[in-house]
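Got a structure for you, questions after.
The values are calculated or read from the model by the stated rules, or taken from the named source; none is laboratory data. Since we're looking at a predicted model, the values are computed, not measured. Please note: Cβ atoms are built from the backbone with ideal geometry, for glycine as well, and neighbour counts cover all protein chains shown. For accessibility, only protein heavy atoms count, side chains too; no ligands or nucleic acids. Shrake-Rupley method; radii C 1.70, N 1.55, O 1.52, S 1.80 Å.
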Amino acid sequence: MVHQIVKNALIALKSAKSLADWSLSHSSTEKYQLYLTKQGEIEANLESTRDDVDVTIYTKSKENLGESSFSLTTSNKSEIMSAIRDAKLLATHVKQEPFELAKPDPRADPHVALADETLLRARTDGNVDAILQEAVSSIVEEFKKYKGVRLSSMELHASFTTNELRTSKRINASC
């Protein structure tokens, strides 16, 4: 469903009249959450996924740049076009100094480690819960070393987010 939202939004943005520029970002997050009781027992083990699709449009008048943003929750083409029209109307009331969106950089992107390699492997292998439970065991054992120190509760979270950015200036990036 989300990919259809992105696909239909890109089609609508590319065909929209009188836009100076636009950008579309899609963020997809997988969350793993482990909740423990005072005794260090698992109370809840939750997994969830969240997708957000956000659009920013820009309009130009004589000396000003207009800007408006909105989130998409539908893949319905007419509703997307309506959201773009509404955003264009709002953007006409924004009067800011003009600027240009970034253009693609011809240089190669450097590899930058953005996540813990152990967690990435666990995600690929489907073992994120096992990694979180190992961390819980380690923390609970550490608490046992100290007399009079008690665990009141504990939450462990692991999140994996993929971000995509596309613009009218032909930027198509993800990380």
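Expressed as a rounded percentage, what relative contact order does the chain have, with Cα pairs under 8 Å and six or more residues apart? Intermediate values should be presented prior to the final figure.
On the way: 284 pairs, mean separation 54.8, N = 175.
Across the chain, relative contact order equals 31 percent.
With every protein chain kept in place and ligands, DNA and RNA left out, what is the accessible area per residue of the range 68-175? Probe 1.4 Å, answer in Å².
On the way: 8100 Å² over 108 residues.
Per-residue value: 75 Å².
Out of the total accessible area of the chain (probe 1.4 Å, heavy atoms of protein only), what percent is carbon and sulfur? Don't jump to the answer; show the numbers that get you there.
Working: 5960 of 11890 Å².
Whole-percent figure for carbon plus sulfur exposure: 50.
Can you give me the long-range amide H partners of residue 61? Hydrogens built in the peptide plane at 1.01 Å from N, cutoff under 5 Å, separation of 5 or more residues or another chain.
66
Show me the three semi-axes of the equivalent ellipsoid for the range 37-122, from the C-alpha gyration tensor (sqrt of 5 times each eigenvalue), largest first, rounded to whole Å.
Values: eigenvalues 312, 108, 37 Å².
Output for the range 37-122: semi-axes of 40, 23, 14 Å.
What's the magnitude of the charge dipole for the chain around its Cα centre, counting Lys and Arg as +1 and Asp and Glu as -1 at the beta-carbon? Answer in Debye, nearest 20.
My answer is approximately 680 debye.
When the Karplus curve 6.51 cos²θ - 1.76 cosθ + 1.60 is applied with θ = phi - 60°, which whole-Hz ³J(HN,Hα) does each residue of the range 59-67 get, with x for Gly and Pro?
The phi angles translate into 10, 10, 10, 3, 10, 10, 10, x, 9 Hz.
For a Förster distance of 30 Å, can you work out the FRET efficiency between the beta-carbons of residue 90 and residue 33, rounded to the nearest 0.05? Could the numbers behind the result be given before it?
On the way: r = 36 Å, r/R0 = 1.22.
Once the sixth-power term is evaluated, E becomes 0.25.
Using every alpha carbon pair in the chain, what percent of pairs falls into each 5 Å bin from 0 up to the bin containing the largest distance?
Histogramming the chain at 5 Å steps yields 1, 7, 13, 13, 12, 11, 10, 9, 8, 6, 5, 3, 1, 0, 0 percent.
Follow-up question, since we're still on this one. Please give the net charge around residue 174, taking every other residue with its beta carbon less than 13 angstrom from that of residue 174, where Lys and Arg add +1 and Asp and Glu add -1.
Numbers: positive: 166; negative: 109, 164.
Around residue 174, the surrounding residues sum to -1.
Given the protein chains as shown and a 1.4 Å probe, how many square angstrom of residue 32 are accessible, to the nearest 10?
30 Å²
Continuing with this model, one more query. Between the range 144-172 and the range 1-73, what's the alpha-carbon centroid distance in Å?
Here the answer is 18 Å between Cα centres.
Order 3, 26 by their accessible area, 1.4 angstrom probe, all chains in place, largest first. Before the final figure, lay out each step's value.
Values: 3 135, 26 10 Å².
Per-residue accessible area, sorted high to low, gives 3, 26.
What is the helix-to-structure angle for 128-144, meaning the angle in degrees between its Cα long axis and the longest Cα principal axis of the chain, kept from 0 to 90 and rounded to the nearest 10?
The two axes meet at around 50 degrees.
At a Förster radius of 41 Å, what calculated FRET efficiency corresponds to the Cβ-Cβ distance of residue 77 and residue 124, to the nearest 0.05? Before the final figure, lay out each step's value.
Details: r = 35 Å, r/R0 = 0.87.
It comes out at approximately 0.70.
Running Debye on the range 33-84 with equal point scatterers at the Cα sites and no solvent, what base-10 log of I(q)/I(0) appears at q = 0.21, 0.22, 0.28 Å⁻¹?
Ignoring solvent entirely, the Cα scatterers give -0.84, -0.88, -1.05.
Taking all protein chains together and a probe of 1.4 Å, list 161, 59 from the most accessible to the least accessible. List each step's numbers first, then the result.
On the way: 161 70, 59 15 Å².
If we order 161, 59 from most to least accessible, we get 161, 59.
Could I ask something else about it? Just add up the charged neighbours of residue 126: K/R +1, D/E -1, any other residue whose Cβ is under 14 Å from the Cβ of residue 126. Could the numbers behind the result be given before it?
Values: positive: 121, 123; negative: 30, 47, 125, 129.
Around residue 126, the surrounding residues sum to -2.
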